[in-house]
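Have a look at the structure below before the remarks.
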Amino acid sequence: MFLSVFDMFKVGVGPSSSHTMGPMVAAGRFLDAIRQSPFRPAGLKASLHGSLAFTGVGHATDRATILGLAGFEPATFDAARADAVMAEIMATKTVAPPDLPVMAFDPGRDLLFDYGPALPGHANGMILRATDAQGDVIMEETYYSIGGGFVLTAAELADTAGARAKAKADIPYPFETAEEMLRMARQSGRTIAQMKRANETKFRSPADLDAGMARIWQVMSDCIDRGMKGEGILPGGLSVRRRAKGIHDSLLAERGLNLVAPHTINDWMSLYAMAVNEENANGGQVVTAPTNGAAGVVPAVIRYWLDHVPGASPANVGDFLLTAAAVGGLVKHNASISGAECGCQAEVGSAAAMAAAGLAAVLGGTVEQVENAAEIALEHHLGMTCDPVKGLVQVPCIERNGLGAIKAVSAASLSLRGDGKHLVSLDVCIETMRQTGRDMHEKYKETSLGGLAVNVPNC
């Protein structure tokens, strides 16, 4: 199945790609459906189900849904304007999306958190309804936020096999497994990045591809820089203080001292990742990589490579992103990148695999070494639960990204010390992650009903 580099890396808003971006995207799609219909509704209603209900408040799912119904989109999100529009909605009990009439929407009455059984298609489900002047439903659609900002209707979720077949026929290198990817690379003599580039340029010009990837890295890099300057307490009620600036100041003060330990480089990697995820927790602009909860790993490894590895060149960031996207696409296609579906192994684990593959590639690794790097990184996240305290993408998520970046670099380094031959293949590791996620108890899959979420006081 073809998943673009711009599917895996999407500019959006924190704190969650599945619980914040996804519902906002779903609301936007519902508005588009209304625009294309003969109906002109008088009101809107929304219900959140499964993980979207259980951790919706902590992830700002309610706010994202409301703003989405008012016409906001993740890629162009304006925080200051959003605050003003939210205040207006709360006061008027209406929404006024572009190119549609003003419609009644009372957040306290028309947005329901349904704590019953999840909808059948996915743990992250929501139903949006449009009503007439009498309050009768005239349009209804079920949406599933399946991780990484991806949203499918119930019908689209049921027809994924047909969509995969079409996408496979449209690209020159239609690999759906790591084994196929390696075989096509050997047969063509191309790297993973080169094959991915050939697939991408079936749908956009090389110049557009390069410009888009440059913007992705610029947003990532800017997010790191903002995060290293941010101070104060993160929102949500846990009183988690931002630490990236303090760590950065401390590391800068140590530069040039003979007493700096070699393992301090790990602190730099953690710093870059934590800076991103503190920005994400603060509701700032981030790039899904492949999700918001795991948004810090890939940028941290790229910044580590550019700033600390001799010979690194910004000209090769595109190859890093293309390679990482290829691996992320394999994980998403054959397992999941959703914490609500498979736990944090699907989020930070997938991100670490993507980052390890990207780093191994730009360091000159063979396609076999790149595949090995991804496998090592993912294997050593297997079984990791998603148990955010109070449903916030803060504890353990922020630090977990730092350790994910360190694991990614270690995995790439280990793979480059070998010849690419190894016992456990990436395909086997991805399938193991899928099975582990299937067997994982629901309370450890982004519901905040188990693990740290119940053993750490929420205040």
Open item on the list: Quick check: pseudo-label points 7 Å beyond the Cα along Cα→Cβ at PHE113 and ASP307, how many nm apart are they?
Closed with: 3.8 nm
Task: Label-to-label distance, nm, for residues given as SER188 and GLU254 (7 Å Cα→Cβ offset) - done: 4.3 nm
TODO: Could you pull out every residue, at least 5 positions away or on a different chain, whose amide H is within less than 5 Å of the one on ILE138? Hs are placed 1.01 Å off N in the peptide plane, and Pro or chain starts have none.
DONE: ALA130, THR131, ASP132
Task: Cα-Cα P(r), the range 36-92, percent of pairs per 5 Å interval - done: 4, 15, 24, 22, 20, 13, 3, 0
Task: Kirkwood-based shape ratio for the range 333-459, expressed as Rg/Rh from alpha carbons - done: 1.03
- [ ] Return one number: the angle in degrees, 0 to 90 and rounded to the nearest 10, between the long axis of the Cα atoms of helix 426-439 and the longest principal axis of the Cα atoms of the chain.
- [x] 40 degrees
TODO: Quick one: work out the % antiparallel among DSSP beta bridges in the chain, nearest 5.
DONE: 80 percent
Open item on the list: On C-alpha positions alone, give me the angle between the axis of helix 22-35 and the longest principal axis of the chain, in degrees, nearest 10.
Closed with: 50 degrees
Open item on the list: Over all directions, how big on average is the projection of the convex hull of the alpha-carbon atoms in the chain, in square nanometres?
Closed with: 22.1 nm²
TODO: Cross-chain or 8 or more residues apart, Cα under 20 Å: how many lysine pairs in the range 174-455 fit that? Count them up, please.
DONE: 6
Open item on the list: Expected output is a single nm value to one decimal: the length gained when fully extending between ASP208 and LEU423, i.e. 0.36 nm times separation in residues minus the C-alpha distance. What is it?
Closed with: 73.5 nm
- [ ] Can you tell me which of 60-71, 290-301, 32-43, 355-366 comes out highest on packing, and rank the rest after it, using the mean Cβ neighbours within 10 Å?
- [x] 290-301, 355-366, 60-71, 32-43
Task: FRET efficiency estimate (nearest 0.05) - Cβ-Cβ, GLU399 to SER37, R0 30 angstrom - done: 0.05
- [ ] Could you pull the Rg and Dmax for the range 16-160, using just the Cα atoms, both in Å?
- [x] 13.9, 41
Task: Calculated [θ] (222 nm, deg cm²/dmol) that DSSP helices of n ≥ 4 give over the chain, each run adding -39,500 (n - 2.57) - done: -15500 deg cm²/dmol
Task: Compactness relative to 2.2 N^0.38 Å, alpha carbon Rg of the range 240-398 - done: 1.05
- [ ] Compute the distance in nm between two label points, each set 7 Å from the Cα along the Cα-to-Cβ direction, one at LYS229 and one at GLU140.
- [x] 5.0 nm
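Quick note: the coordinates plus some simple rules give every number you see, no bench work behind them. Here the structure is a predicted model, which means the values were calculated and not measured. Counting neighbours? That spans all protein chains shown, and the Cβs are built from the backbone with ideal geometry, glycine included.
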